[in-house]
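Structure first, commentary second.
The values are calculated or read from the model by the stated rules, or taken from the named source; none is laboratory data. Since the structure is predicted, the reported quantities are computational estimates derived from the model, not experimental observations. So basically every Cβ, Gly included, is an ideal-geometry build from the backbone, and we count neighbours across all protein chains shown.
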Amino acid sequence: MFDGNDKSFCSEFLEKVVKKLSVISRKIGANFPSTNSRTGKFDPKENNDKLASWTNGFWPGMMWLMYIKTGDEYCRKIAEECEEKLDKAFDIFFGLHHDVGFMWELSALADYKITKNERSRARALHAATILAGRYNPNAGMIRAWDHASSRAIIDCMMNIPLLYWASKETDDPRFGYIADCHVESVMKHFIRGDGSVHHQVVFDPETGEILEKPQGQGAAPGSSWSRGQAWAIYGFALAYLNTGNTDYLDVSKSVAHYFIANIEDGELPLLDFRAPEDKKYFDASAAAIAACGLIELAKAVGELEKKIYENAAMKLLRALYKDFDESEDNLWLLNKCSASWRVPTSIHIPYVFGDYYLLEALMKIDGNDGSFTVHG
Ligand code: GLY
């Protein structure tokens with residue numbers, strides 16, 4: 001898997017990332033770093049008062065990956081403290097949403113997998129129960145937020161592994177049933193024939209009728225938000241790895257082929273693959289997430305197919321290297337992540353999720369990503 005040149009490029013890249021994280025972990029500590037999308041400013045404490053934010057699992061997740069790679073007890077301590085602080089989000093409950101998978105899979109479930117801590121196991125099961133409770137049987141989908149009309153979003157594919165884990169962990173098929181129903185409905189309503197993907201689908205909560213497929217974070221309704229494509233590549237690959245259902249593998253492959261057809265050598269993916277040509281906005285986080293999915297695809301397919309996905313993952317990682325910020329004065333790894341086409345201040349800024357998936361992709365090629373999302 002991956003030839004010698006690619007492996008040595010990735011191991012040098014990982015070494016630089018680990019060196020920087022060893023330093024900035026001391027500066028960030030047990031806080032919840034994020035970027036304010038309205039000001040574009042990264043703040044190591046941005047989310048300390050917004051504990052329900054969907055991004056709050058990524059920093060503890062990075063610290064667990066660092067612990068696996070280096071054995072650094074300080075990183076483990078940060079991860080554990082962040083996990084404990086997140087209990088307050090459970091207590092408050094209001095404000096929690098479909099993204100409890102991102103939040104507790106990379107914090108509590110990572111902890112449980114590494115240390116067998118029973119309190120962490122309970123937290124992960126608690127999160128899975130909240131996620132399962134958001135399932136709408138009429139639509140066959142997990143509802144995203146509470147604030148808008150009932151809708152499901154492609155990003156939620158990344159929360160589904162938590163349900164597969166909970167099913168196996170409790171020997172209770174309810175969780176896996178909900179996960180499968182959601183994945184099947186996403187195949188039907190989100191994936192277009194050409195391998196591109198809708199971001200959001202609005203449904204009638206009483207009848208399940210599909211009402212609208214709006215713009216979401218991309219350039220227009222019917223466009224192709226690259227991070228949404230990346231969530232689908234990785235999310236469907238994970239659904240396959242957690243179930244063995246080859247229909248899910250095929251969807252991941254077809255979205256990957258669409259993604260691969262839209263990226264250029266040496267460049268990050270565009271924020272939207274169907275954006276007007278005069279607006280060249282990029283998204284480093286889409287590259288990092290897609291790279292994780294492509295690496296999993298390369299491992300899952302036969303010998304004669306592997307290179308398609310390995311080469312594409314390497315193309316993305318080489319583009320990410322150009323965006324990597326080596327300065328230890330800056331508390332992030334990637335500069336050019338983007339949140340939403342409609343919010344200009346959220347374009348070409350750092351985001352903790354971009355950094356997380358960069359580290360995870362490099363760790364995968366290094367041979368150990370902790371498998372926080374693959375539950376064999
Ligand atoms: N899950 C939210 C996003 O990808 O921006």
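Worth a mention:
- Residues being out of contact with any strand residue (DSSP E or B) (no Cβ under 9 Å at 6 or more places or on another chain), over 30 Å from residue 163 (Cα atoms) and surrounded by fewer than 20 Cβ atoms within 10 Å (Cβ to Cβ) are entirely absent from the range 75-93.
- Residue 193 being away from the ligand (no atom under 16 Å from the Cβ), on the phi < 0 side of the Ramachandran plot and outside any helix (DSSP H, G or I): yes
- Members of the range 43-79 found to be among the aromatic types (Phe, Trp, Tyr) and assigned to a helix (DSSP H, G or I), listed by number: 58, 59, 64, 67, 74
- Any hit, the range 238-250, residues being within 16 Å of the ligand (Cβ to nearest atom) and not β-branched (Val, Ile, Thr): yes
- Residue within the range 5-13 that is more than 23 Å from residue 83 (Cβ to Cβ), at pLDDT below 95 and among the acidic types (Asp, Glu) present: no
- Output for the range 160-188, where each listed residue is of a type in the set (D, E, K, R) and assigned to a helix (DSSP H, G or I): 168, 169, 174, 180, 184, 188
- Test: residue 162 is at pLDDT 95 or above, within 16 Å of the ligand (Cβ to nearest atom) and more than 30 Å from residue 348 (Cα to Cα): yes
- Under the condition of being under 15 Å from residue 31 (Cα atoms) and not basic (Lys, Arg), the residues counted in the range 74-105 number 13.
- Against the test of being touching a helix residue (DSSP H, G or I) at 6+ places or on another chain (Cβ under 8 Å), within 14 Å of the ligand (Cβ to nearest atom), in a loop (DSSP other than H, G, I, E, B) and closer than 19 Å to residue 148 by Cβ, the options 216, 228 yield a single qualifying residue, 216.
- Within the range 135-159, the residues that satisfy the criterion of being part of a loop (DSSP other than H, G, I, E, B) and within 16 Å of the ligand (Cβ to nearest atom) are 143, 144, 145, 146, 147, 148.
- If you go through the range 43-58 and pick out every residue that is crowded, with 18+ Cβ neighbours inside 10 Å and more than 16 Å from the ligand (Cβ to nearest atom), you end up with 2.
- Single unsatisfied condition, residue 322 versus (1) surrounded by fewer than 24 Cβ atoms within 10 Å (Cβ to Cβ); (2) in contact with a helix residue (DSSP H, G or I) (Cβ under 7 Å, 6 or more places away or on another chain): (2)
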